[in-house]
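S.K.: Sharing a structure with you now.
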Amino acid sequence: VVDIRTKMGRRLTVTADHPMVVGDGVHGRTEDKLAAELTWSDWLPVAQGAPVLFEEPGYGRLLDALPGAELEPRQVIVRLDDIQYPLMRARRGELPSVRRHEASRTHTLRLSELFSLRIPTLRGRFGTATNGTYVPDVLPFDDDFWYVIGLFLAEGHIGRDGRRTRVCWSFNRTGEEQLAEAVRAFWTGFGVKTDVRTLTTTLQVSISSRILGGWLEHVLRVGNGAYDHRVPDRIWSCSESSKRALLRGLWDGDGSWSLVAGGPSVVLEYGTVSRDLADGMLRLLGELGIVARLRVGRTTKSTVDTYWLCISGANQIEDALWLVPDDEQDLIRRSIDAQAKRIAPTGYRRLDDKAVAWVRVVDATRRPYEGTVYSVEVPATSTVVTSFGLVAHQCFPKDTRALIHIAEDAGYDFELLAGVVDVNEAQFDRVAAKAVELVGEPLDGKVVGVWGLTFKARTDDLRESPSLEIVRRLRDQGAIVRAFDPSVTPPLEDRRAAQLDGIELMVDPYAACADAEVLLVLTEWDEFRWLDFDKVASVMTAPRVVDGRNLLDREALRRRGFAYKGIGRLG
């Protein structure tokens, strides 16, 4: 794999052959380059702005938390409101006799009873203890909600003591009373019992609720505390004002601003020990057009990394003033207005496309890796926004013709990629021609053995596989193709079976060679090196190999009597 580091602290780890979108950092020209080929002269794109591609309801349902909170409907008490109560009275005959009087007297039901009486849950309040905290079923995803969630990501945690769950916001004892009041006012506005306590070192706002705690952790998925906080997925489909509200809550809770070397330059900073939160904040800032720098390090006596987000540059500071309190914005404006001139940013560049910022590669280090590697395909764009907002191509294989078509639609002559396609096509033809050359006559009606069908070794991906392109050329010449691949074994699902139509899929590599006039090695599976080639020769009509990956030991094969042809070799 290759560990890529860029200016502005953006980092990404990909396989050495992963395709990257690369710019020159000057004219806006782009090309595709493998990760292993990156140099200090290459610039990588950082996502800036994003369209809303889908819509979600503008509210959350707290009762969705019951499975995650390990609660059953019979354990949840419902306080009926003035619409639910008359419905209960009209249908109470369906309740067991022992429950009818109690429900009428207390104006409560168990949630399981509410369901049985077909009474909507959108009303009322829900809790798990008679004298406990009751919460609504529905919370609107408005700006006030996201601001309080931002404060939770900065200063909050979920604590548990046996069966009791507390959602807490912990602020400084002095100077942050307005933040505590904002949290208290939000929740009491929904009728939620909220405690505000002054502790030894903090001013704490807390809500004791298994339902709310379970919803925040398992449905909204904001994490339990500082080490696993994360930007919730729901925010990505919300309005720009809601995204700003979330970030403003984060900055009010744990952000800061300061003068650089006494001024007049200003920097906004935020520090967190959660990598996921830092990643989400960087991408969210990017959606709002702000390129923040990331710095990773450890403070004194810390056992984990801290991620510092820094926003600098007069233009960016002006665009990000909404992150700081209103009474401090004038101080910042006066300071940056005192600058003799505004210096262009050195860590990133914006060219013609305002939706993209470019950061220069400062290091691309190869290292060995053993483990699972994931592939992602994004048909609409062929690119993906990765760690900390860096943009990369989707994983190989690429539908290069589709990329050319997209470029043509945009009025761009993608000469480089068209050349790649032509070279690939010629290479496929050359490999098939080598088989004909070894056999010495047309392949019509002859058996050809093939080892390897996938795009590359250690994957089961058949999309745009060069092996299948070569096999197609062999079949077009009338060859009978018998193939083996360690990751392609019957029975096959319909889609994969269609990709291999016309190929006889064999159970082992020796069976693929039976009665074959020639063997083609088309995928670099390491296990092909160590097979018994005397046995291979014994089952073939004649020992002939086209090594399309230069995988095998050429001299060892020739000593065993094989006719051998590789790729890009004179002999």
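The values are calculated or read from the model by the stated rules, or taken from the named source; none is laboratory data. What you see is a predicted model; the values in this text were computed from it and never measured. For neighbour counting, all protein chains shown are included, and Cβ atoms are generated from backbone atoms with ideal geometry for every residue, glycine included. In case anyone asks, the SASA skips ligands and DNA or RNA and just uses the protein heavy atoms, side chains included. Shrake-Rupley method; radii C 1.70, N 1.55, O 1.52, S 1.80 Å.
S.K.: Mind ordering 25-33, 386-394 by average Cβ neighbours within 10 Å, highest first?
M.R.: 386-394, 25-33
S.K.: Now for a different question. For the range 448-461, in order, what is each residue's ³J(HN,Hα) by Karplus, 6.51 cos²θ - 1.76 cosθ + 1.60 with θ = phi - 60°, in whole Hz (x at glycine and Pro)?
M.R.: Result, rounded to whole Hz: 10, x, 10, 10, x, 10, 6, 4, 7, 5, 6, 8, 10, 7.
S.K.: Show me the ranking of peptides 223-236, 90-103 by mean Cβ neighbours inside 10 Å, starting with the highest.
M.R.: 223-236, 90-103
S.K.: Suppose every K and R has +1 on its Cβ and every D and E has -1 on its Cβ; what is the size of the dipole of the range 175-266 about the Cα centre, in Debye to the nearest 20?
M.R.: 260
S.K.: Please report, as a whole percent, how much of the solvent-accessible surface of the chain comes from carbon and sulfur atoms (probe radius 1.4 Å).
M.R.: 49
S.K.: Also, I was wondering about something else. In debye, nearest 20: dipole of the chain around its Cα centre with unit charges on the Cβ of K, R (+) and D, E (-)?
M.R.: 1860
S.K.: Hey, another quick one. For the range 483-497, just list the computed ³J(HN,Hα) in residue order, Karplus coefficients 6.51, -1.76 and 1.60, θ = phi - 60°, integers in Hz, with x standing in for Gly and Pro.
M.R.: Listing the rounded values in order: 10, 9, 9, x, 9, 10, 10, x, x, 10, 5, 4, 5, 5, 4 Hz.
S.K.: Taking only protein heavy atoms and a 1.4 Å probe, what accessible area per residue, in Å², does the range 197-340 have with all protein chains in place?
M.R.: In whole numbers, the range 197-340 has 42 Å² accessible per residue.
S.K.: Ok, one more. Which ³J(HN,Hα) values in Hz, rounded to whole numbers, follow from the phi angles of the range 540-546 under the Karplus curve 6.51 cos²θ - 1.76 cosθ + 1.60, where θ = phi - 60° and Gly and Pro get x?
M.R.: For the range 540-546, the Karplus curve yields 8, 5, 8, x, 10, 9, 10 Hz.
S.K.: Going through the cross-link list LYS33/LYS243; LYS446/LYS535; LYS243/LYS341; LYS7/LYS341, which pairs have a Cα-Cα distance over 28 Å in this structure?
M.R.: LYS33/LYS243; LYS243/LYS341
S.K.: Just name one of SER170, THR523, ALA435: the one whose Cα is farthest towards the positive end of the charge dipole of the chain (beta-carbon charges, Lys/Arg +1, Asp/Glu -1).
M.R.: Going by the Cα projections, it comes out as SER170.
S.K.: Here are some values of percent of Cα pairs over 39 Å apart: (1) 50; (2) 31; (3) 44. Which one was computed from this structure?
M.R.: Of the labelled values, this structure produces (1).
S.K.: Among residues other than ASP195 whose Cβ falls under 10 Å from its Cβ, what is the net charge (Lys/Arg +1, Asp/Glu -1)?
M.R.: Spelling it out: positives minus negatives among the neighbours equals +4.
S.K.: Excluding ASP460 itself, calculate the net charge of residues whose Cβ lies under 13 Å from the Cβ of ASP460, where each Lys or Arg counts +1 and each Asp or Glu counts -1.
M.R.: Net local charge, ASP460 excluded: +2.
S.K.: Based on DSSP H assignment, which helices of the chain show an axial Cα extent of at least 30 Å together with a mean Kyte-Doolittle hydropathy greater than or equal to 0.5?
M.R.: Those that pass (Cα extent of 30 Å or more, hydropathy at least 0.5) are 415-439.
S.K.: At 222 nm, what helix-only mean residue ellipticity would the chain give, in deg cm²/dmol to the nearest 500, using -39500 (n - 2.57) for each DSSP H run of four or more?
M.R.: So the calculated ellipticity at 222 nm is -8500 deg cm²/dmol.
S.K.: Could I ask something else about it? Under unit Cβ charges (Lys, Arg +1; Asp, Glu -1), what dipole magnitude, rounded to 20 debye, does the range 281-362 have relative to its Cα centre?
M.R.: 560
S.K.: Once amide H atoms are placed 1.01 Å from N in the peptide plane, what residues at a sequence separation of 5 or more from ALA16, or on another chain, have their amide H within under 5 Å of its amide H?
M.R.: Result for ALA16 returns VAL2.
S.K.: Then there's this: 5 Å is the cut-off here: which amide hydrogens, built 1.01 Å from N in the peptide plane, fall below it relative to ASP461, excluding neighbours closer than 5 in sequence?
M.R.: So ASP461 has HN proximity to PHE455, LYS456.
S.K.: When Lys and Arg each count +1 and Asp and Glu each count -1, what net charge do the other residues less than 13 Å away from GLN75, Cβ to Cβ, add up to?
M.R.: +1
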